[in-house]
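What follows is a short report on a single structure.
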Number of protein chains: 4
Amino acid sequence: MAQMHSIANNRSVTLLLHCDLRVGLAADLTRFVQAHGGRIVYHDHYVDTEINRYYTRLQWELANFTVADNKIDDQLTTLAGGEDSHWSLSFSDRPRRMAAFVTKEPWCLYDILARTHSGEWPVEIPVIVANHPDLKSVADRFGIPFHVMPLTADNKTEIEEAQLALLAEHRIDLVVLAKYMQIVSERFVQAYENRIINIHHAFLPAFPGARPYHSAHARGVKIVGATAHYVTEVLDAGPIIEQDVMRVSHRDTVQDLVRSGRDIEKIVLSRAIWNHLQDKIIVHHGRTVVFH
Amino acid sequence: MAQMHSIANNRSVTLLLHCDLRVGLAADLTRFVQAHGGRIVYHDHYVDTEINRYYTRLQWELANFTVADNKIDDQLTTLAGGEDSHWSLSFSDRPRRMAAFVTKEPWCLYDILARTHSGEWPVEIPVIVANHPDLKSVADRFGIPFHVMPLTADNKTEIEEAQLALLAEHRIDLVVLAKYMQIVSERFVQAYENRIINIHHAFLPAFPGARPYHSAHARGVKIVGATAHYVTEVLDAGPIIEQDVMRVSHRDTVQDLVRSGRDIEKIVLSRAIWNHLQDKIIVHHGRTVVFH
Amino acid sequence: MAQMHSIANNRSVTLLLHCDLRVGLAADLTRFVQAHGGRIVYHDHYVDTEINRYYTRLQWELANFTVADNKIDDQLTTLAGGEDSHWSLSFSDRPRRMAAFVTKEPWCLYDILARTHSGEWPVEIPVIVANHPDLKSVADRFGIPFHVMPLTADNKTEIEEAQLALLAEHRIDLVVLAKYMQIVSERFVQAYENRIINIHHAFLPAFPGARPYHSAHARGVKIVGATAHYVTEVLDAGPIIEQDVMRVSHRDTVQDLVRSGRDIEKIVLSRAIWNHLQDKIIVHHGRTVVFH
Amino acid sequence: MAQMHSIANNRSVTLLLHCDLRVGLAADLTRFVQAHGGRIVYHDHYVDTEINRYYTRLQWELANFTVADNKIDDQLTTLAGGEDSHWSLSFSDRPRRMAAFVTKEPWCLYDILARTHSGEWPVEIPVIVANHPDLKSVADRFGIPFHVMPLTADNKTEIEEAQLALLAEHRIDLVVLAKYMQIVSERFVQAYENRIINIHHAFLPAFPGARPYHSAHARGVKIVGATAHYVTEVLDAGPIIEQDVMRVSHRDTVQDLVRSGRDIEKIVLSRAIWNHLQDKIIVHHGRTVVFH
C-alpha cells in the first residue's frame, strides 16, 4: 500500500501541554526547540483567560535536533514542570494502534477501515472486537482479526476483562466505539482515560441514551446531529470532540433520519479520530481544546 | 411607506387543512376551486403515512371566484367535514395584527420592526408590551405605542389580565415573545393557542430554561443554536417551528456565544414569524408541518 | 450479506413524469392507480408556475395491481400522452446496474462499495473502469472486476469505444465518475444521457476545471464545497443534483482543503447516486427537480 | 443610550502586524508590552509556512503602560521594523467613524443602524450617502444626516469628488457599501484602501456582477450565498472577509432567493464590519487573515 504519509523522512515530535499561565513560557519552549536544532512546523496555543490557563501544541522536526528522544521529558520538566502542568509527547514514527468495537451497523467501521487502508490515517488496526458476528465479513475484506465477544448483563465483568487483556496484548493506544451500542464500565474507562472515542447519533446534550432518532422525530426538531466524545463513567456525558448537524423536516420519517444520519455519524467520528491521531486534542475540566 | 406586497390586486385566500387521509380529497378541493373560477397559485400537501393523515395548503386568487367569502366554509364542510378535520381560511387583504413582548434585549425587536416597516412582512404592529422600560426608545423610533407592564411573582395574574385586555382591544392575532424572558401562564397560552411564538437561545431540547449559553459553554459543545416555537404550558416544550445553529469552539467565551448568538436568534425568530404570517404552518400532535 | 431492502415483497413501480400543466392530471393518475388495485406509497409533485410545467413522482405497490407491467405504458399514453410529456417507469425488483469509473483517488470508490455491499443501496456494480491500476486492490477487496483502460490524448476514441462496449455487455444503467478526472466525449455523453454522474470538488459554478482547491485557496474563499452533477458535453456545466460546503479559514493550506474536502466529495456524490437510484430526479432545461 | 462597551475604563490598544517570519519576534513583542506595564488581553498569531510570513494581533490594556501613545510606534520600529513589516495601532477610546452608502434596499442599512444604536458596535455613523432618496425615512428614524447624491454615467467623477469631500469632512475611517449597487472608481478605492467593505449577494467567485440570484436560479444551484469583501479596482474581486450560504431547491423561485437571501446578506455584512471594527483583519496578497 502506498503511504500518503512519509514517516521515515521528516521525523517529528508533537508536544501537547497545558498548565497555569506563565509569562514567557511560549518563548521558552520555542527557544528550547530552536536552540537544539529543532525545526518548528506547528505552533499554536490558546489561553483560557477566565481561568488563566495555557494550552499549546508544538511540533518540530527531529532531523537535526540534538536532544535524545528520551531526554526531552527532562528538559520539559525544567522548563514547564509543576503540579499544574500536564503534557504528552508523540513521535511521528510510532504510529498509533487502534481497536474498533462494533455491533451490527457497518458504516462507521467501513469508513474507518477505508481511511486506514488507503493511508489517509497514520494508524494500525490490529483487532476488531464485536458483540455480534454480523460484521465479520467486513473485517475479513480488510484482513483484520475479528473477535466476537458477546456481552450480556450476566457476563459483562468477564467479557470486559477479556477485552482489556486483548487490548493489552495488541498494545492498543486508542479504542473507537464505532456503533458499539454498549455501555462500558468504570474500570474499562479508567484503563483508557481520554483514549476511548464514542459516536452518539444525536446532538448532545439533546437526546442522550437509546433511540435518539425516534426521540428527535417525536419532538419534531428541525435539525438533527451526531456527537463524537471521549467516554467517561457517565453515559453520553464525556468531553465533546466534534459535532455536526443536518436539516430535517416534517417529511422525514424515523427511517429517513436513520438513513441520512449515517453520513453525519461516520464523518463526525472520523474527524474526531483524525484530531486524536494528530495529537490535536487536550482534555481539561470535561471540555476539549481542539487545535486546528 | 411603499408596500412590497400588493394586496388590493390579486386578492387571495389560503386554506390550511388537515384530516384523516381520504381518497380523492386533493382532487375534490382542486376541482371545487377551479369549478368556481378560482385560480390556484399554491397547492402543496403532505401525507404522514405512519398515521394516515393528510395536511394541505391551498391558495387561490379570488378575482373571478364565484363563492362569497363567508360561504367558503360551508362548501368545505361538505367536501372535507368530519370530526377528524380541521381547517382555517386566511384572506390576503386582512393583514395580521401582531404584538411584540420584550424585556431589555433589542435585537429581535429591531429585526421585527425593520421588516415590518420596510414592507417585507404583511403585518401591523399596533402595540409593544414590555416588562422593563429599556426599549421604549426603540418603539419610539418606529412610532409604536409601548406599554411598560412590570411583571413580578406577586402581580402576575393581574398583569396578564391587563395584557389580555390590551391584546383584545387591539384585535391581536399573533403574539411574539421577542426575548421576553418571562413564562406565560396556562390561561394566557390557551387564549392564544398556536398563536404565541417564542425564541429560545438554544438548540432545543438541549439547554431549556435559563442561561443556555452558559450551560452550552460549560458542556463544551461545538455547535450552538436557537429555536423558535409555539408556546405551550410546558416551558420550552412547544411545537418547534424553526431552528438554526452555528459552529463554536473552545476559543468562544460565554460572551462570544451571547454576542454571535444574537444573529441566529433574530433570524430564526423572523423565519418562524414569516411562515406563520404566510399561513404555512399546521400544528398537530405537538409537531409542526411547515410548507415551503 | 443480509439485504436491508426486501425486494421480493412489496414489489412496486415508480413513475417519474413531467409535462405541461393540465387540470386534473394528478387526480387522474391517482385514480388510475387506485382503480386498478395499486397501493400508493409515494406521491409528490411540483409545479413550476413560471413555465406552467408539472413534475411528479408516483410510486405504488403492485401486489394487487391488475395492469400488467408492460401495459402500464399504454395507459399512461392515454392519460398523459403528448409531445410535451416525458416519463419513465422503474420496477423495484429490477435493481440498477452501476459502473464506477476511477483514476487514483480511493475515497469515493470506497464509499460507493461500502454502501453497496452492506445493502444500503439497491444496486449491482458488475464492473469498475480505471485509467490507472492504483485502485485494483480496492476492487479486489470487494471482488469486483477491475478494468484498466489507460486513456491518453491519442487513444481516446478507441478507449471510449471499448468502454461503451464493456458497459453494454454488462447492461449498465448508471455510470458514476468517482474521481475519474477525465473529460468524456460527446458521443459517450449521448449514449448515457442523464445517466452519468460526476463529482466535482468545488462549489460550481465557482472553480470549474482543474485544481479547484488551489484556486479556492488563492482566491481566499471562506467556504469551499463539492458538486455532483449529470455530465453533459460542456465541462462541469451539467445539471446539478447536489452540493454541500464546509467552512475554511486562512489557516487551511491547500493540503488541508484537499484532505477535508474528501469527506464532502464522497457524501455529496453518494447522496446524488442515492437520489438517482430512488428515481427521485427529473432533469429539465438543464436543471434538476429532486423529490424528497 | 446605555453603552455596552465601557471605553473609559480598561483603555487598550490593538496592534495588527505582519512581516517575514523572524525568530523570537512573538516573545519580543510580549516582553515589550509586559516590561512596560501593559496587560495583554489578546494575543494570537498565524504563520503562513508556505511564504514564511508572520501575522499577529496583540491587544493590551494601557492603564499602567508606561510608554506614551505616540511613542509606541517608535518602539515597534526598533522591535519589528523593516521593509517587509507592516502594522497598525488602534486605540479603544477613539471609536471608528463609518459612512454607509445605500441605494434603495433597506435590510443591510437597518441592521447596521440597529446594531450601532443599541451599542452592539463601538462606532459612530455621522453620514449616510444615497444614490436615491428612498431610504431617507430610515435615516431619519435614527437621526442620521442623509445625503442624496444621484450618480449617473455622466456625473460620476464630480459626484465621487463630492463624496470624498464629504467623507473627509466627517473624518470617516470606514465606508460600508450596504447594497449600494454602484461600482466605485479606482481613485475612490485608493483613497480608502482596505477600508471599503461591500456585500455581494452571491457566493463569490460564483456569480459576480449583476443579478446573481437570477443566474443562480438559471444554473440550478442547490446552495446560494453572500460575500463581504474589501473593494478593489476589479469588480467583486477584492479580498474576501466573510461568506455564508443557505440551502435552496428547485422549489425556490428567484423571488424566494431574493427574499431569503436578505438575511444572509445582512448577517454576512455585519460580521465583516464587526471584524473590521475589532481590528481582526489583515489583508495581504489579496487574501484576508481574520483572527478569532
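The values are calculated or read from the model by the stated rules, or taken from the named source; none is laboratory data. The structure displayed is predicted, hence computed values, not measured ones. Because the Cβ atoms are built from the backbone with ideal geometry, glycine has one as well, and the counts that use them run over all protein chains shown. Note: accessible area is taken over every heavy atom of the protein model, side chains too, but ligands, DNA and RNA are not part of it. Shrake-Rupley method; radii C 1.70, N 1.55, O 1.52, S 1.80 Å.
Exactly one residue among D:N9, D:N52 is modelled with pLDDT under 95 and either over 30 Å from A:V41 (Cβ atoms) or of a type in the set (D, E) (or both), and that residue is D:N9.
Only one of the listed residues (A:V23, A:V47, A:V33) is without any contact (Cβ under 8 Å) to a residue 40 or more places away in the chain, surrounded by 17 or more Cβ atoms within 10 Å (Cβ to Cβ) and not in a strand (DSSP E or B). That residue is A:V33. Could you grab me the full set of residues in the range C:230-263 that are more than 10 Å from chain D (Cβ to nearest Cβ), of a type in the set (G, A, S) and open to solvent by 20 Å² or more (accessible area, probe 1.4 Å)? Correct list: C:S260 only.
Checked against the criterion of being at pLDDT 95 or above, within 14 Å of chain A (Cβ to nearest Cβ) and loosely packed, with under 15 Cβ neighbours inside 10 Å, the candidates C:K104, C:K71 yield just one match: C:K104.
Taking the criterion of being touching a Pro at 6+ places or on another chain (Cβ under 7 Å) and crowded, with 19+ Cβ neighbours inside 10 Å, the residues of the range C:115-127 that qualify are C:S118, C:V123, C:V127. None of D:L167, D:L177, D:L135 is at negative phi and either open to solvent by 40 Å² or more (accessible area, probe 1.4 Å) or without any contact (Cβ under 8 Å) to a residue 40 or more places away in the chain (or both) except D:L135.
Evaluation of D:L113 against the conditions (1) in contact with an Asp or Glu (Cβ under 6 Å, 6 or more places away or on another chain); (2) over 25 Å from D:R57 (Cβ atoms) shows that the sole unmet condition is (1).
Here the condition is being assigned by TED's automatic domain parsing to the domain that holds B:K156 and surrounded by fewer than 16 Cβ atoms within 10 Å (Cβ to Cβ); of B:H201, B:H284, B:H214, it holds for B:H214 alone. When D:D84 is tested against the conditions (1) within 12 Å of another protein chain (Cβ to nearest Cβ); (2) in a loop (DSSP other than H, G, I, E, B); (3) open to solvent by less than 60 Å² (accessible area, probe 1.4 Å); (4) of a type outside the set (A, V, I, L, M, F, W, C), the lone failure is (1).
Test C:T227 against the criterion of being over 23 Å from C:T103 (Cβ atoms), crowded, with 22+ Cβ neighbours inside 10 Å and among the polar types (S, T, N, Q), and give yes or no. Taking the combined requirement at face value, the residue does not satisfy it. Can you find a residue in the range A:279-289 that is aliphatic (A, V, I, L, M) and more than 11 Å from every other protein chain (Cβ to nearest Cβ)? So far as the range A:279-289 goes, no, none of its residues is aliphatic (A, V, I, L, M) and more than 11 Å from every other protein chain (Cβ to nearest Cβ). With respect to the conditions (1) at pLDDT below 95; (2) away from chain D (no Cβ under 14 Å); (3) part of a strand (DSSP E or B), B:L58 lacks only one, and its number is (1). Given the conditions (1) part of a helix (DSSP H, G or I); (2) among the basic types (K, R); (3) not assigned by TED's automatic domain parsing to the domain that holds D:R11, and given that D:K71 satisfies all but one, which numbered condition is not satisfied? Only one criterion in (1) part of a helix (DSSP H, G or I); (2) among the basic types (K, R); (3) not assigned by TED's automatic domain parsing to the domain that holds D:R11 is unmet by D:K71, namely (3). Of all residues in the range C:240-248, none satisfies being farther than 25 Å from A:D256 by Cα and modelled with pLDDT under 95.
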